[in-house]
Amino acid sequence: MIRRASCQSDNTFSVATDTAIVRRNAQNHDARYGKDKFHLSIWYDEPANLMSDIVEHGGPSPLWLCPGKGNAVTQKGNVMSKSLIQLLNTTYPLIQAPMAGVSTPALAAAVSEAGALGSLGLASASLDQAASMIREVQSLTRKPVNVNFFCHQPTVADPVANQAWLDHLRPMFDEFGATPPSELRDIYRPFPGYAQMLELVLETRPAVVSFHFGLPSQEYIDALKNAGIVLMATATTPAEARQIETAGIDVLVAQGYEAGGHRGVFDPENGDAQFGTFALVHMLAKQSSLPVVAAGGIMDGDAIKAALALGASGVQCGTAFVLCPESAANDAYRQALQSERAYDTRVTITLSGRAARGLRNRLYIDEPSAARPATPGYSMTYDAAKALNAVASARGNYDFAAQWAGQAAALARPMSAAQMVQTLADEAGW
Ligand SMILES: Cc1cc2nc3c(=O)[nH]c(=O)nc-3n(C[C@H](O)[C@H](O)[C@H](O)COP(=O)(O)O)c2cc1C
């Protein structure tokens, strides 16, 4: 166990373990000075170096070793992934999930200022909105921030299917004295092929960019990498993880079936393997050379420790940040998350046209049947649900609202983003 650590003015440092003092030169450590605490991490490039310290000096317990990933042992004696926090340039291996429509520049900035990685979900943003959100977050913090895009195949409009879906929803519009829209739009423009959005990103240069629902072209990936941007992508299966690794992405976000929001599945036509976070993270950590970030059902330090014990280099939490005052969640969403409804999350395609997990509502009828025709596809189904929610919520009814949340939603805690980051870090023992 590490008992004491100190750093000298000549940049050498010493660490007292139970049985000996370990000395290293500056290249092997990273010292950070927090507001009220001194934090020293020792990097072990090779597990063998840590092992030799254990043998020679009775140093940290090998139980703290995350095989093959490179480790940092904190002053408290806990392991943090070297590769992830170095790559992301954060204090903690913790990412606030990008949440289109819910994450805000204020949330992302507060998270990044607190030492984790704040994210903006820009999938639903127009070019102008994306520009103003990126500029706003950059005016609020100089710390790294992640900017996230969707990479889905655009839906080919099928007017017959669209009309059948609108007819299906008509009685629900009737309840509010409203009529369904006359046509449905594909409201989420994918990042692949969106040259102006790529230009905006290259111009504003967020530290990190992440992708959901697949990947953009190699040309886009190379352009972002050449600009020095760290890239992350969601994998829901080992096969998707291999594609991500082959494309030269830096970090794998392993999204389990527990996760709130949209399933990051590359090709929904192939079905969804529905790997849980536990199994997926464990497999990817063993099979991939990339740092693996666990996402899905992680709400507190116990879950973070479990993910790291399975080989994750860090975690990405979405639902845990929805109750932060800095999020864009409305009162109805906040109340629902803190009610019994939080125990009833389901995955459905009927809200948006792609599988997503949220608090169950009146649109959650999963199997096509006489009671429900096939959905028009992503994101036209979402256009219809948003129109229905707009008329219903204007009359105080939230039965049709998309309230995305993960399986552990009932563990959500209302607190500021900075408090949430510090609480998770403290609970994780960082
Ligand atoms: C409200 C909400 C919105 C989300 N939107 C996005 C998004 O825009 N882009 C994305 O990559 N992931 C999105 N996700 C999924 C998260 O990246 C992550 O996989 C998930 O939040 C992890 O599960 P948890 O919510 O149980 O922490 C969203 C999740 C939530 C809860």
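Less than 14 Å Cβ to Cβ from ALA223, Lys/Arg counted +1 and Asp/Glu -1: what total charge do the surrounding residues give? Kindly include the intermediate steps, with their values, before the conclusion.
Working: positive: ARG205, LYS225; negative: GLU199, GLU203, GLU219, ASP222.
With Lys, Arg at +1 and Asp, Glu at -1, the net is -2.
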query: Can you give the translational diffusion coefficient of the range 120-260 in µm²/s, computed by Stokes-Einstein from the Kirkwood radius over Cα pairs at 20 °C and 1.002 mPa s?
result: 125 µm²/s
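If we sort 195-202, 121-128, 209-216, 405-412 on the protection proxy, mean other Cβ atoms within 10 Å, highest first, what's the order? Don't skip to the answer; put the middle values down first.
On the way: 195-202: 16.2, 121-128: 18.4, 209-216: 25.1, 405-412: 23.1.
Going by the mean number of other Cβ atoms within 10 Å, highest first, we get 209-216, 405-412, 121-128, 195-202.
Which loop-located trypsin sites (Lys or Arg not before Pro) does the range 336-403 contain, where loop means any DSSP state but H, G, I, E or B and the Cβ has at most 11 other Cβ atoms within 10 Å? List each step's numbers first, then the result.
On the way: sites: ARG341, ARG346, ARG354, ARG357, ARG360, ARG362, LYS386, ARG395; in loops: ARG354, ARG360, ARG362, ARG395.
Passing both the DSSP loop test and the Cβ count: ARG395.
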Exposure proxy order (Cβ contacts within 10 Å, fewest to most) of TYR378, TYR92: TYR92, TYR378
field: Dipole axis of the range 151-264 (+1 Lys, Arg; -1 Asp, Glu on Cβ), positive-most option in GLY214, HIS168, GLY228
entry: GLY228
message: Above 24 Å lies some portion of the pair distances; for the range 286-430, what is it as a whole percent of all C-alpha pairs?
response: 41 percent
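If you rank TYR333, TYR343 by fewest surrounding Cβ atoms within 10 Å, what's the result? Show your work: numbers first, answer last.
Working: TYR333 22, TYR343 12.
Neighbour counts put them in this order, fewest first: TYR343, TYR333.
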- prompt: Sorted by packing (mean other beta-carbon atoms within 10 Å per residue), highest first, where do 184-190, 106-112 land?
  reply: 106-112, 184-190
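Only the coordinates and a few stated rules stand behind these numbers; no lab work does. All values derive from a computational prediction rather than experimental measurement. Neighbour counts are summed over all protein chains in view; Cβ atoms, including those assigned to glycine, are modelled from backbone coordinates with ideal geometry.
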